[in-house]
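What follows draws every value from the coordinates through simple rules; no lab data is involved. Here the structure is a predicted model, which is why all the values come from computation and not from measurement. When we count neighbours, we look across all protein chains shown, and the Cβ atoms used for this are built from the backbone with ideal geometry, even at glycine.
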Ligand code: APR
């Protein structure tokens, strides 16, 4: 049941949120992600077939994180989180740490995080900054060749699904920022929110997407402009409730 006083807000973000910080989106015009086909670097099969390539790819992504900064959209979302009077949950498909760097707390990384690795043998998840090779031992169990990026690859189950589903049951405002809406289950959240009675569904993107028709409002433009503007509007409205 929806909140009687202050609306519950759920945000779903994708690569478009971090694009203006300089983090590459996944589906550029060439269909490649930093020069690689997604299936060559972002599937469990790729990790079995060519672990060196996959580790190298994510090592480079981890290093690249050090060269980027949060943009105005990340800052605005934390401002919203801190001031929003109702329920608040930000679900991101992004694996960067740009939201945390500006203080995001109620944030779920449903596709994992670049700065974490997981041991496929003992299942320990570790914070990780340095390069990983196929010879790097797991600090917990000592086995080599078992550490992998803690990233949800194609064909794997996203994290926090139960928690996200619960939030979608009582969401009053669903805000989707910078995602192409082609990867499920995230692409289906807007429809689930609507099925649960959410009447305000807002999409922020540079352009219409394959799921645009499910939203009740669209804001077309760069996230760094549209998100701060929308946050101002939402906070102003929340003061009037
Ligand atoms: N402002 C707003 N939207 C933007 C911006 C921007 N500055 N730049 C790009 N976009 C939009 C694009 O128009 C596109 O719709 O962001 C979207 C990015 O789409 P994708 O590259 O497909 O990224 P995303 O939707 O996050 O991908 C989902 O796919 O590869 C997997 O696991 C990976 O989490 C990822 C998932």
Antiparallel DSSP bridges in region 1-151: what percent, to the nearest 5? 55
Running Debye on region 49-124 with equal point scatterers at the Cα sites and no solvent, what base-10 log of I(q)/I(0) appears at q = 0.17 Å⁻¹? -0.76
In whole Å, what is the distance between the alpha-carbon centres of region 5-56 and region 89-154? 14
Volume of the Cα convex hull of region 178-217, divided per residue and given in Å³: 57
Hydrodynamic radius of region 83-238 per Kirkwood, over alpha carbon pairs, in Å: 17.5
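Convex hull volume of the Cα atoms in region 82-130, per residue, in Å³?
Details: hull volume 4.4 nm³, N = 49.
For region 82-130, the hull spanned by Cα atoms encloses 90 Å³ per residue.
Can you tell me the convex hull volume per residue for region 192-241, based on C-alpha atoms, in Å³ to the nearest whole number? Provide the component values of the computation, followed by the final result.
Details: hull volume 3.8 nm³, N = 50.
Dividing the Cα hull volume of region 192-241 by its residues yields 77 Å³.
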Given labels modelled 7 Å from the Cα in the Cβ direction, how far is it in nm from residue 217 to residue 199? 1.4
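Two decimals, Cα atoms only, Kirkwood Rh: what is Rg/Rh over region 5-80? Spell out each step's value before the answer.
Working: Rg = 16.0 Å, Rh = 14.6 Å.
Taking Rh as the inverse mean 1/r over Cα pairs, Rg/Rh reads 1.09.
Going from the alpha-carbon gyration tensor of region 120-168, what semi-axes, largest first and in whole Å, does one get by taking the root of 5 times each eigenvalue? Walk me through the numbers on the way to the answer.
Working: eigenvalues 146, 25, 21 Å².
Whole-Å semi-axes of the equivalent ellipsoid: 27, 11, 10.
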Region 1-151: proportion of alpha-carbon pairs further apart than 28 angstrom, %: 29
Hey, what angle do you get for helix 72-83 against the long axis of the chain, alpha-carbon based, 0 to 90 degrees rounded to 10? 60
Relative to the first principal axis of the alpha-carbon coordinates of the chain, what is the inclination of helix 223-240, with its axis defined by its Cα atoms, in degrees from 0 to 90 and to the nearest 10? 40
Candidates 131, 44, 158, ranked by Gaussian network fluctuation over the chain, Cα under 10 Å, top entry: 131
Two decimals is fine: what is log10 I(q)/I(0) at q = 0.24 Å⁻¹ for region 90-174, from a Debye sum with one equal scatterer on every Cα and no solvent? -1.19
